[in-house]
1. Condition check: assigned to a strand (DSSP E or B), over 19 Å from residue 313 (Cα atoms) and in contact (Cβ under 8 Å) with a residue 40 or more places away in the chain. Does residue 24 satisfy that?
2. Out of 224, 265, 308, report the one residue that is surrounded by 18 or more Cβ atoms within 10 Å (Cβ to Cβ) and either in contact with a Lys or Arg (Cβ under 7 Å, 6 or more places away or on another chain) or of a type in the set (S, T, N, Q) (or both).
3. Could you check residue 153 against (1) crowded, with 24+ Cβ neighbours inside 10 Å; (2) without any contact (Cβ under 8 Å) to a residue 60 or more places away in the chain; (3) among the aliphatic types (A, V, I, L, M); (4) in contact with an Asp or Glu (Cβ under 9 Å, 6 or more places away or on another chain) and say which number it fails?
4. Checking residue 291 against (1) out of contact with any strand residue (DSSP E or B) (no Cβ under 9 Å at 6 or more places or on another chain); (2) in a strand (DSSP E or B), only one condition comes out false. Which one?
5. Taking the criterion of being surrounded by 15 or more Cβ atoms within 10 Å (Cβ to Cβ), of a type in the set (A, V, I, L, M) and in contact with a Leu (Cβ under 7 Å, 6 or more places away or on another chain), would at least one residue in region 14-36 satisfy it?
6. Quick one: count up the residues across region 81-109 that are surrounded by fewer than 23 Cβ atoms within 10 Å (Cβ to Cβ) and in a loop (DSSP other than H, G, I, E, B).
7. Applying the selection to region 130-155, what residues are assigned to a helix (DSSP H, G or I) and either over 15 Å from residue 210 (Cβ atoms) or β-branched (Val, Ile, Thr) (or both)?
8. Can you list the strands (runs of 3 or more DSSP E) lying wholly within region 197-272 that have 1 or more residues being touching a Phe, Trp or Tyr at 6+ places or on another chain (Cβ under 6 Å) and under 17 Å from residue 157 (Cβ atoms)?
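None of the figures in this text is laboratory data; all of them are computed from the coordinates on show. Just so it is clear, the model here is predicted, and its values are computed rather than measured. Here Cβ is always computed from backbone atoms with ideal geometry, including for glycine, and neighbour counts include all displayed protein chains.
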Amino acid sequence: MRVIEVREFGGPEVLEVRDAPDPVAGPGQVVVGLDAVDTLLVETRIRAGLAKEFFDVRPPYVPGGGGAGVVTAAGPDVDPAWVGRRVVVSVGNGAYAEQVAAPLDAVVPVPDGVARNEAAALLHDAVTALSVFETAEVKAGQTVLVVGATGGMGVLLVQLAHAEGARVAAAARGARKLELARELGAEIVLDYSEPGWADEIRGQADAVFDGVGDRIGLAAFEATAEGGTFSAHGATLGGFTATDPKEAARRGITLRGIMDVQLSTDERVRLLSKALVKAAEGVLNPVIGQTFPLDRAADAHTAIENRTVLAKTLLLP
């Protein structure tokens with residue numbers, strides 16, 4: 001089979017196509033033939049060698065945390081009825097490939113009505129989105145600010161808040177992304193590339209979901225209402241939002257960060273299963289802005305790093 005290997009830390013050009021042995025299902029495992037592979041911004045930073053203190057990954061390695069496909073083989077102690085089932089599979093690394101072997105507890109069936117690309121797009125972003133959304137306890141009539149509203153996770157948060165009956169403010173960059181946010185249910189759209197972008201809702205947001213970080217996140221923090229929740233889970237500008245805990249305490253704001261979404265395997269499976277059900281019901285509709293063939297993984301990483309992508313980017317083996 002073909003895989004994409006990072007031969008050394010560096011730019012997208014270090015992603016190379018190579019042949020590898022087909023995986024074999026061991027005890028408690030299945031092999032999944034991948035139709036669509038998820039990609040994440042953090043994978044570009046690991047590849048560039050910019051996250052060594054956070055991730056114990058060293059070249060050569062095959063990136064990729066998972067995707068969607070069909071079970072092609074089952075281990076000796078696994079029910080053979082799994083073969084042929086459409087599933088989403090989560091792995092630590094190794095999913096930039098045509099096939100992966102994974103333990104059965106890392107595999108979730110895909111319900112009817114959810115396409116392969118949509119299932120792959122929900123694998124990571126929907127789990128995190130549902131985790132922070134449930135924790136914030138958003139209620140109908142509240143005001144919710146989603147920063148980075150047209151990223152893979154942001155579009156899902158906009159949809160969740162809209163479905164809950166909240167008044168949604170969506171912050172993104174540029175007319176095309178703001179129009180998408182409106183289509184997804186945002187009542188207010190804010191271009192965070194403009195000075196004073198958050199002034200319109202200063203102090204009004206009962207819940208803020210910050211997927212951007214840095215100076216944009218600090219402006220979003222000022223939009224948080226007294227007694228509200230500020231969730232700083234994203235760092236697309238390079239760093240998470242450094243809020244002042246004393247100021248948050250003075251205003252009664254609950255602060256949550258990336259450490260609050262370090263979830264157990266059981267919790268991830270629960271949230272992913274819930275996301276797939278919501279997708280089948282039409283509540284969640286992941287936006288897939290672009291796809292690339294597996295052997296163009298370097299082009300996908302380039303586009304993600306240049307921020308020319310819209311919402312979710314997938315690789316198609």
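1. When the stated conditions are applied, residue 24 does not pass them.
2. None of the others qualify; the one that does is 224.
3. The one condition residue 153 does not meet is (2).
4. In the conditions (1) out of contact with any strand residue (DSSP E or B) (no Cβ under 9 Å at 6 or more places or on another chain); (2) in a strand (DSSP E or B), residue 291 misses (1) alone.
5. Within region 14-36, one or more residues are surrounded by 15 or more Cβ atoms within 10 Å (Cβ to Cβ), of a type in the set (A, V, I, L, M) and in contact with a Leu (Cβ under 7 Å, 6 or more places away or on another chain).
6. 8
7. Answer for region 130-155, where residues must be assigned to a helix (DSSP H, G or I) and either over 15 Å from residue 210 (Cβ atoms) or β-branched (Val, Ile, Thr) (or both): 130, 132, 134, 135, 155.
8. Passing ranges, in order: 205-210, 224-232.
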